[in-house]
1. Considering every residue within the range 48-60, establish whether at least one is within 16 Å of the ligand (Cβ to nearest atom) and either in a loop (DSSP other than H, G, I, E, B) or surrounded by fewer than 10 Cβ atoms within 10 Å (Cβ to Cβ) (or both).
2. Of all residues being assigned to a loop (DSSP other than H, G, I, E, B) and surrounded by fewer than 14 Cβ atoms within 10 Å (Cβ to Cβ) in the range 109-137, which is farthest from the ligand (Cβ to nearest atom)? Just the residue, please.
3. Report yes if some residue within the range 54-74 is among the aliphatic types (A, V, I, L, M), in contact (Cβ under 8 Å) with a residue 40 or more places away in the chain and farther than 14 Å from Leu124 by Cβ; otherwise report no.
4. Give Glu64, Glu103, Glu70 a once-over and let me know the one that is modelled with pLDDT of 95 or more, more than 12 Å from Phe34 (Cα to Cα) and assigned to a loop (DSSP other than H, G, I, E, B).
5. So which pairs qualify, if the first residue must be in the range 87-108 and touching a residue at least 24 places away in the same chain (Cβ under 8 Å) and away from the ligand (no atom under 12 Å from the Cβ), the second must be outside any strand (DSSP E or B) and not hydrophobic (A, V, I, L, M, F, W, C), the Cβ gap must be under 7 Å, and the two must be at least 6 apart or on different chains?
6. Being more than 16 Å from the ligand (Cβ to nearest atom), β-branched (Val, Ile, Thr) and either crowded, with 16+ Cβ neighbours inside 10 Å or within 24 Å of Gly141 (Cβ to Cβ) (or both): is that true of Thr71 here?
Amino acid sequence: MSLVKYTKKRKFEGKSKTNEPKGTIKRSDRSLIFVVHRHEASHLHYDLRLEMDGVLKSWAVPKEPPANKETKRLAIQVEDHPLAYAKFEGVIPEGNYGAGKVEIWDNGKYELKNRSANKIEFRLNGKKLIGDYVLIKTHYGSKPDKSWLWFKV
Ligand code: MN
C-alpha cells in the first residue's frame, strides 16, 4: 500500500499545482476483531476467527490454541462466518451443523501485520492470547487445501 505513484504523477506545489487532495495513508488503526470459540461439537475443538474482508475468516483447531512458541496447532480453514458471529454463544441444537455448546474462549482486537495466500501474520490482543502469531498453509492431512499451522512467534 503506497501513494508513491499517485504523488509522483501530480504537482502539489507551485503555481500550476493540482487541486486534488494530496492525501496521506491512513494508518490501519481501525480495530479488527478476533474471537476464539470453544466448541463442544461431536469433537471438542476451538474455532479461531479473524476479521478480514468484512467477514470472520475461520479455522477449526482440534486442540487448545498455542500458548507458547513451541506449540504448533493444526488449523483447518472452514467457511467464512459473518462478523456478528463474534458475539455468538449458546447451544446449537441437535440435528444442526456443529450441534453442541459454543462458548467464547477468548476475544479482543487484533492487528493484521502481513497477509499472503499462504501466510498470515497477526498480533492478538486478547485476554488469554496476547502477542504475535502466524498461520502458515501446510499441505498435509486429510484436507490439504484447507490445512494451516497456527503458532506463536
Ligand atoms: Mn466449530
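The values are calculated or read from the model by the stated rules, or taken from the named source; none is laboratory data. As the structure is a computational prediction, the values presented were derived from the model and not from experiment. Reconstructed Cβ throughout: ideal geometry from the backbone, glycine too, with neighbour counts over all protein chains shown.
1. No, there is no match, as no residue in the range 48-60 is within 16 Å of the ligand (Cβ to nearest atom) and either in a loop (DSSP other than H, G, I, E, B) or surrounded by fewer than 10 Cβ atoms within 10 Å (Cβ to Cβ) (or both).
2. Going through the range 109-137, the residues assigned to a loop (DSSP other than H, G, I, E, B) turn out to be 116-118, 126-129.
Of the ones still in play, those that are also surrounded by fewer than 14 Cβ atoms within 10 Å (Cβ to Cβ) are 116-118, 127-128.
Values: Ser116: 25, Ala117: 24, Asn118: 23, Lys127: 20, Lys128: 18 Å.
Checked the range 109-137; the qualifying residue farthest from the ligand (Cβ to nearest atom) is Ser116.
3. yes
4. Of the residues listed, the single one that is modelled with pLDDT of 95 or more, more than 12 Å from Phe34 (Cα to Cα) and assigned to a loop (DSSP other than H, G, I, E, B) is Glu64.
5. Ile104/Glu89; Asp106/Gly126; Asp106/Lys127; Asp106/Lys128; Asn107/Gly126; Gly108/Gly126; Gly108/Lys127
6. Yes.
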